[in-house]
Each structure stands twice: as structure tokens, then as C-alpha cells.
Amino acid sequence: MKKIVFWIFIFSFFLLRPFELQQKGMFYPTDDYGYFAHASAMVFGQFPSYEKEYFMRPTRTPLTGIGPAIMASPFVFVFSLIDRVSGADIVKQRAAENIIHSWSLFGFIMASQFYFILGCFLLYWGVCFYTSRRYAVLSVVFMALCQGMPIYVFRRPINSHSFEFFLQSLFVFFSLKYYNPREIKPPGYLFSFGLGIIAGLMVLTRYNNIALAAVWPFIILCARLTDLKRRNFWARISAAGVGAGVMIFLFMILPNVYIPSSRIARVGDALLQSAGPIFFMRRILHILDGIDWGLLYTAPFILIGLFAAILLRFPLKKRLLICLLAMAINLYVAIMWRTQGGYYAYRFLFPSAIPLLIYPLALGLERLETIVGRHARKIWLLIAAFPVLSMLCFLGNGDNLGFWSAEQYFGVPGPGNNTFQMEIWEMLLFTPGQLILVLIQGGIFYLIHVFCVMFECVRALPNAVYVRYPVFSGLIFLKICMMYAWPFLLYWLFKQRGPSR
């Protein structure tokens, strides 16, 4: 697990751009307002009212799911204590200008990192029940760290995807743990009720995961087909249903009675468009190999894990395939949305697909290495180079690697870059110096900035660094140190919690 923590730090060092925290609090003026508005309403005692919250207001309540805010609210509350003690304006009323640099918002950022890191730990522990630590580490690094998730943790943390990733990882961990013959089956009704709570959170986090939320309690609680004939099994399923129902009633139905809202109407307009089989074929092929965000370039290990899940024999295969069928809704959303979803890569797919396919990927890594030996490492590293470079280069400059509103494939206008993957490799081949500047914009630029401030040689700062850091902020330095230290602190807290193997 130490190696996983090390690689989490490395990805955070290169992907996290402190100047984005210093300039705009890593906050994007779209869905981010909605996610934070849910959390701030709960933390500052206004929920279910949103009169003192700031968000994009086509409706009376935020359009985003409330699940991430429920999970982040303990962290937002703890850090909001600093805002309360210092008498910050955000305590009385949330506004665009007082959210960005608040400690309350930073609590949401730390929560996003917490759930992602803990999700990686859960996947590692789960895979360790069935294979060696070596392949568990490799599968987590390749699947969870190299394929887009770190973008939504270290660049766009005020979002739903790290929370979605954690919930899916938690379900995967339970299924791996309790299917293992060395483990005792989970105790009855309290555990089942807890599964329902998690399933309800999954629905509240992203509505497109409703099928997965319905399937998981059956997958985890059903040890064998004969259980379907037992009253005890259905009693436990009922307990899970009660848990999910409680969450949905408290955080979706009841608030909607208090303040009526039509938060998913615009989504229905996009998903219920008519489309023929030719469109579906073209769209699926584009999702696979499009030079904008194709899975071959942004998430190839998902495809490898899918092939391994289909071709290899292993415990839990049937259960895993059932969950993959439930993910057909996510694929349908990605197809009908006609774009990648407004930010990096196909975010409707990979946060849930990564945990599901990590166990088959670990088996595939192990199987290939037994066949070709150490040469397998070179193959995996070559494959990993594509998604890693894609992440590191995302929004690397305002030109070729930028992100702008234009008409994308399939005639849909919106933010994107139709030739993003091709631009990366053209830069690598023809202007490698520019590519290096793009890759070091994160921690390296910030270290240069801090070094020059410490030794009072700010005038010697390269222009590329000075443009991003015209002034030094001790507050930002403290927050960045906390973010860098977070993986190591969580490792210290959780290192004894995993399986003994």
C-alpha cells in the first residue's frame, strides 16, 4: 500500500496546480456552485432552504445531486469552524466572491481527496483477497491513477466523481471480501441496512447509477442461488431497501416537497431523443477510438479489464457481469449525450467502471506476466503512457491543448477539443520543449516560486512562473502542504485496517 500512496503523491504533485487554488480556489462556475450549495446549506443550518446559498439559479434548488455534499459535509463543517472564528462573510451569506478562498470550500476539496484515496485503499484490499500484493498495487495504479480520476481529484475536486468512485469501490470491496471463502458472511440486518444507505447515496450522487444501486445489495447478500428461496435473504434485502428509502426520502423527496423543483427535466430532453442503430454504432466507435477523448487513449485499462472479465475464468465472474449489464445505463447516457460530458474524458463511464474492472485487470496482469515474463511490464508502461500524458496535458496551454466551446462531433456545441490526443503526440514529436513546460506547470513551478521567495530572488523567476505566481500567499502554501500530506496521513490512519495477506 505504500507504493499506492507514493504514486498518489506523484500524480498530485504534477496534476495539482497551486496557481488555480490561489486564483480561483479550484472552483468552476458551473455545477461546482450546486455541489457546494448543498453542502453549505447543511453545514450552516439552512437545509432544506437555499435562500442564503449561491448557485446557478434556473430553479429554486441546485440541479446537481446532493450525495457528494452529504459525504463532504463533515469535512466542510470542520474547516468552516475557521471561517466562523475569523468572522468570514460566508458564514452569514454565500456569494461568488466569498466562496472561492474560504476554508469551507477547502473542506470540500479535502473531502474529495479523502474519498478517492480511501477508494484506492479499498480496491487494493479487495484485490489482495484473490491475488498477490504486487498485482493489487499494479491494478490500482494502472486502473485508478492513470485513467482520468486524478483530474477530478486534483483539478476539479468540487464534483461528484471522487464520491461516486468511492461508493462503487466500497461495494466492490464488500463483494470481494464476503465472497472469499476465508471470510465470514456479513451479519444480518444492520449490515444490510448499511448497504441500503450506501445504495441510496449512490443514487443521490449520480442518478445514472440507479441500476447499480439496485443490483449491488443482491450481489453482496446472495451467497448462492438457493438463497433466493429463503425468507432470511428477502428480509435482509428488505432491510437494504429501507436504508435506501430513508436516504432518498430525507434528501430527495422531503426537500422537493419543501421546495418543488424539476431538477432532471433538462437531462430527460437529452436522453430521450430518437436515434437509430447506425447512430449508436457510430457513437460507440467514437467513444472507443475518437481522437478527442476515445477510451483507447484516455482509459485503455478499462477496455483491457473488460476483455479480461469476459475471457478469463475467476470467482465472482457472473456477479461482475451482472453489474456490468447494470452499467449499460451509463453507456447509454454517454452515447445520447453526444459529447464527453463537458470536461475531461467520458466521465459518465470511468468513475464507476474503474472499480468494477479492477479485479479482472489484476488477473489479466498476472496471467500475461506468467506468459511473457518481465516483458509484460514494458507493454503495460507503454499503454499507460497514453492516458497519463493525456491527463498531464489537459488544459496545458490556451492553444493546441486548450479547451473551448465549439461544435463537436455529432453536431453538438459545447466545451471540448476535437483533436486533443493528436495534438499531444504532435507536440511530443515536434516541439518537446513546449511539452516539458506543460508537464511541469504543477508542483515544479510552485517549488521554483517558493524557492525564489525563500531566498529573496523573486526577480529571477522565469516569466512562465511569474505569470502564474505574481505574489506569494502563505495561506495557499499551507493548504498545498495539507493536500500533499493528505495521502501519507491517511496511510498512517488506515495501514492496519486491510487484509493480513
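None of the figures in this text is laboratory data; all of them are computed from the coordinates on show. Computed from a predicted structure; not experimentally measured. Virtual Cβ from ideal backbone geometry, glycine too; neighbours counted across all protein chains shown.
State, as an integer percentage, the relative contact order of the chain based on alpha-carbon contacts under 8 Å between residues 6 or more apart. List each step's numbers first, then the result.
Numbers: 690 pairs, mean separation 99.5, N = 501.
Normalised by residue count, the contact order of the chain is 20 percent.
Expected output is a single nm value to one decimal: the length gained when fully extending between S132 and K495, i.e. 0.36 nm times separation in residues minus the C-alpha distance. What is it?
Numbers: separation 363, 0.36 × 363 = 130.68 nm, distance 1.69 nm.
Extra length available between S132 and K495 comes to 129.0 nm.
Would you work out which of G65, A136, L105 lies farthest towards the positive end of the dipole of the range 59-174? Charges go on Cβ: Lys and Arg +1, Asp and Glu -1.
A136
Assuming a ≥ b ≥ c are the square roots of the Cα gyration tensor eigenvalues, decide whether the range 399-501 counts as rounded (a/c under 1.5), prolate (otherwise, with a/b larger than b/c) or oblate.
Values: a/c = 2.18, a/b = 1.21, b/c = 1.80.
It comes out oblate by the Cα gyration axes.
Mind ordering 242-251, 477-486, 138-147 by average Cβ neighbours within 10 Å, highest first? Intermediate results must be reported in sequence, preceding the final value.
On the way: 242-251: 18.1, 477-486: 15.8, 138-147: 25.7.
In decreasing order of mean packing, 242-251, 477-486, 138-147 become 138-147, 242-251, 477-486.
With an 8 Å cut-off on Cα pairs and a minimum separation of 6 or more residues, tell me the relative contact order of the range 291-417 in percent.
This gives 30 percent for the range 291-417.
Once Lys and Arg get +1 and Asp and Glu get -1 on their Cβ, which of N256, W492, P277 lies farthest toward the positive end of the dipole of the chain?
The Cα lying farthest towards the positive end belongs to W492.
222 nm [θ] for the chain, helices only, -39500 (n - 2.57) per DSSP H run of 4+, per residue, to 500?
On the way: 26 runs with 323 residues, N = 501.
About -20000 deg cm²/dmol.
Starting with the fewest neighbours, write out E51, E164 ranked by other beta-carbon atoms found within 10 Å of each beta-carbon.
Values: E51 9, E164 28.
The most exposed by this proxy come first: E51, E164.
Just rank H161, H449, H286, H101, fewest to most, by other beta-carbon atoms within 10 angstrom.
On the way: H161 27, H449 24, H286 17, H101 20.
Going from least to most buried by this count: H286, H101, H449, H161.
Can you tell me which aspartates and glutamates have their Cα less than 19 Å from the Cα of K318? Leave out same-chain residues fewer than eight positions away.
Answer for K318, where 19 Å is the Cα cut-off: D227, listed by chain and number.
Ordered by packing density, taken as the mean number of other Cβ atoms within 10 Å over each peptide's residues, highest first, how do 316-322, 166-172, 336-342, 61-67 rank?
Working: 316-322: 15.0, 166-172: 27.1, 336-342: 18.7, 61-67: 24.7.
By packing density, highest mean first, the sequence is 166-172, 61-67, 336-342, 316-322.
Treating only the Cβ of Lys, Arg, Asp and Glu as charged (+1, +1, -1, -1), what charge dipole size does the chain show about its Cα centre? Round to the nearest 20 debye. Please report the intermediate quantities before stating the final value.
Details: 43 positive and 21 negative charges, 393 e Å.
Dipole about the Cα centre, nearest 20: 1880 debye.
Does the chain come out rounded, prolate or oblate, given a ≥ b ≥ c as the square roots of the eigenvalues of its C-alpha gyration tensor, rounded meaning a/c under 1.5 and, failing that, prolate meaning a/b above b/c? Provide the component values of the computation, followed by the final result.
Details: a/c = 1.40, a/b = 1.16, b/c = 1.22.
Rounded, because the longest to shortest axis ratio a/c is under 1.5.
Packing-wise, with mean Cβ within 10 Å as the measure, how do 417-428, 77-88 rank, highest first? All intermediate terms of the calculation are to be shown ahead of the outcome.
Working: 417-428: 17.9, 77-88: 15.2.
The peptides rank, most packed first, as 417-428, 77-88.
Evaluate E = 1/(1 + (r/R0)^6) for F455 and L303, where r is the Cβ-Cβ distance and R0 equals 56 Å; express this FRET efficiency to the nearest 0.05. Can you show the working numbers first?
Details: r = 48 Å, r/R0 = 0.87.
Efficiency for this residue pair is about 0.70.
Label the range 1-101 by shape, choosing from rounded, prolate and oblate, from the square roots a ≥ b ≥ c of the eigenvalues of the Cα gyration tensor; if a/c is under 1.5 it is rounded, and otherwise prolate applies when a/b is larger than b/c, oblate when it is not. Don't skip to the end; give the middle numbers.
Working: a/c = 1.78, a/b = 1.69, b/c = 1.05.
Taking the square roots of the gyration eigenvalues as a ≥ b ≥ c, the range 1-101 is prolate.
Explain nothing, just the number: relative contact order of the range 351-501, from Cα pairs under 8 Å at least 6 residues apart, as a whole percent.
On the way: 72 pairs, mean separation 16.9, N = 151.
Reported as a whole number, the value is 11 percent.
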